[in-house]
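Peer 1: Structure provided below as structure tokens; questions to follow.
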Amino acid sequence: MEGGGGGGQELSTDNVKGIVLALLSSGFIGASFIIKKKGLRRAAVASGIRAGVGGYSYLLEPLWWVGMITMIVGEVANFVAYAFAPAVLVTPLGALSIIVSAVLAHFILNERLHALGVLGCVMCIAGSVVIVIHAPQEQEITSVREIWNMAIQPAFLLYVASVIVVVFVLVFHFSPLYGQSNVLIYTAICSLMGSLSVMSVKALGTSLKLTFEGTNQLVYPETWFFVLIVATCVLTQMNYLNKALDTFNTAIVSPIYYVMFTTLTILASVIMFKDWSGQSLGSITSEICGLIVVLSGIYAPLSPSLTARLNGDLLKHVEDDRNPDEEKALRRQEMY
């Protein structure tokens, strides 16, 4: 480890770079949720078939592609951030994308942000600050093979196997039955695959960083294996995220996805990279408390009727709550 990893110490240069990139990433990704959903709505109006029920007409919608490009920019920034800072630091900062998404959804999609939502935003910021202050330093890695050895540890292989089994069950059994009525199905698939993609992204990002510094990692087959894993996981994530966004309220999808994704990613990172190794108990406790504050802030806007919402009563399109005249006006506006 560089610099020990005790809480409250001055941030390393690499950690600062990771934080800045993570913040930029959150801004772009938060905005992309809104742009993509506008594109999905327009495509559904034009074709009559929504992405949530298997339609792919959104691929012909320019606005959806604007959202996709915005998300790619954010993901690239996030990708680079993982090369400089540990996942337990970068991932929780994604909470700011929820703030951006919630505020823009309030003004652009008419998905109302209530007082609890504002409280949640404040809690996300406060928790993120605590995590940044007590975050561990990035490990000193000199070869992609070091990361490969971490990836084939029995504990992490057990985690990977568990994720694959759960994803297959969700995709082939629960998704056809409950995907259109329970937001947890699609978001769970995205989050589980996302935890594996982040581990591979960190490995790939570190490989490219070392290559640019003069130590070529592209000659190792492990680097290209991580590329394959990233591509597979990201494509799966994007497919089911599109389904979730098209089927449920953005203000619900974003926080639930973030909470599940963050929790699973930190778990995977702690298992694979042993991020907490060498940190004091106080620092680890502070990070966990900061994470709990962030997760509580994410869930704050969902209460008091979370159970009903998860059962689909309030999660379907916000359009369902509008009267026919409002719906017609919205459709006319979005067609132009």
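Peer 1: Got a sec? What order do 250, 232, 13 fall in by accessible area at 1.4 Å, biggest, i.e. largest, first?
Peer 2: Putting 250, 232, 13 in descending order of accessible area: 13, 232, 250.
Peer 1: Give me the percent of the accessible area of the range 138-274 that comes from carbon and sulfur atoms, probe 1.4 Å, all protein chains in place.
Peer 2: Here it works out to 74 percent.
Peer 1: Evaluate the relative contact order of the range 13-111 (contact order divided by residue number), counting alpha-carbon pairs under 8 angstrom at least 6 apart; express in whole percent. Walk me through the numbers before you get to the answer.
Peer 2: On the way: 145 pairs, mean separation 45.4, N = 99.
Relative contact order here is 46 percent.
Peer 1: Okay, moving on. Normalised by the number of residues in the range 138-274, what is the relative contact order in percent for Cα pairs under 8 Å and 6+ residues apart?
Peer 2: Once divided by the residue count of the range 138-274, the mean separation gives 37 percent.
Peer 1: Can I ask one more? Can you list, bin by bin at 10 Å, the percent of alpha carbon pairs in the range 13-111, starting at 0?
Peer 2: 18, 38, 28, 14, 2, 0
Peer 1: Sort the range 83-172 into rounded, prolate or oblate with this rule: let a ≥ b ≥ c be the square roots of the eigenvalues of the Cα gyration tensor; rounded if a/c is under 1.5, and if a/c is not under 1.5, prolate when a/b is larger than b/c, oblate otherwise.
Peer 2: Oblate, since a/c reaches 1.5 and b/c is not below a/b.
Peer 1: In square angstrom, what is the accessible area per residue of the range 138-274 with a 1.4 angstrom probe?
Peer 2: Accessible area per residue, the range 138-274: 40 Å².
Peer 1: Could you tell me the calculated FRET efficiency between residue 277 and residue 168, based on Cβ-Cβ distance and R0 = 35 angstrom, to the nearest 0.05?
Peer 2: Details: r = 32 Å, r/R0 = 0.91.
Computed FRET efficiency for residue 277 and residue 168 comes out at 0.65.
Peer 1: Something else about it: Mind giving me the nanometre distance, one decimal, between the label points for residue 146 and residue 289, set 7 Å out from Cα along Cα→Cβ?
Peer 2: Between residue 146 and residue 289, the simple spin-label model gives 3.2 nm.
Peer 1: If you don't mind, there's one more thing I want to ask. So what does residue 233 come to for accessible area, using a 1.4 Å probe and Å² rounded to 10?
Peer 2: Probe radius 1.4 Å; accessible area of residue 233 about 10 Å².
Peer 1: Among 91-100, 69-78, how do they line up by average Cβ neighbours within 10 Å per residue, starting with the highest?
Peer 2: In decreasing order of mean packing, 91-100, 69-78 become 91-100, 69-78.
Peer 1: I'd like the GluC sites (Glu not before Pro) in the range 119-166 restricted to DSSP loop residues with at most 15 other Cβ atoms within 10 Å, sorted by number.
Peer 2: Passing sites in the range 119-166 are 140.
Peer 1: What ranking of 24, 291 comes out by heavy-atom accessible area, probe 1.4 Å, highest first?
Peer 2: 24, 291
Peer 1: Remind me, what semi-axes does the range 138-274 give for its equivalent ellipsoid, largest first in whole Å, using sqrt of 5 times each Cα gyration tensor eigenvalue?
Peer 2: Over the Cα atoms of the range 138-274, the semi-axes work out to 30, 15, 13 Å.
Peer 1: How much solvent-accessible surface does residue 276 expose, in Å² to the nearest 10, with a 1.4 Å probe and all protein chains in place?
Peer 2: It works out to around 70 Å².
Peer 1: What is the sum of charges around residue 175, taking Lys and Arg as +1, Asp and Glu as -1, for the other residues whose C-beta is under 15 Å from the C-beta of residue 175?
Peer 2: Combined, the nearby Lys, Arg, Asp and Glu give 0.
Peer 1: Here's a follow-up. Convert each backbone phi in the range 133-141 into a coupling constant with the Karplus relation 6.51 cos²θ - 1.76 cosθ + 1.60 (shift: θ = phi - 60°), then list the ³J(HN,Hα) values in order as whole Hz, x for Gly and Pro.
Peer 2: 5, 9, 5, x, 7, 5, 5, 8, 10
The values are calculated or read from the model by the stated rules, or taken from the named source; none is laboratory data. Owing to the predicted nature of the structure, the values given are computational and were not obtained by experimental measurement. FYI the Cβ positions are ideal-geometry reconstructions off the backbone, even for glycines, and counts take in every protein chain you see. Quick note on the areas: whole protein, heavy atoms, side chains included, nothing else; ligands and nucleic acids left out. Shrake-Rupley method; radii C 1.70, N 1.55, O 1.52, S 1.80 Å.
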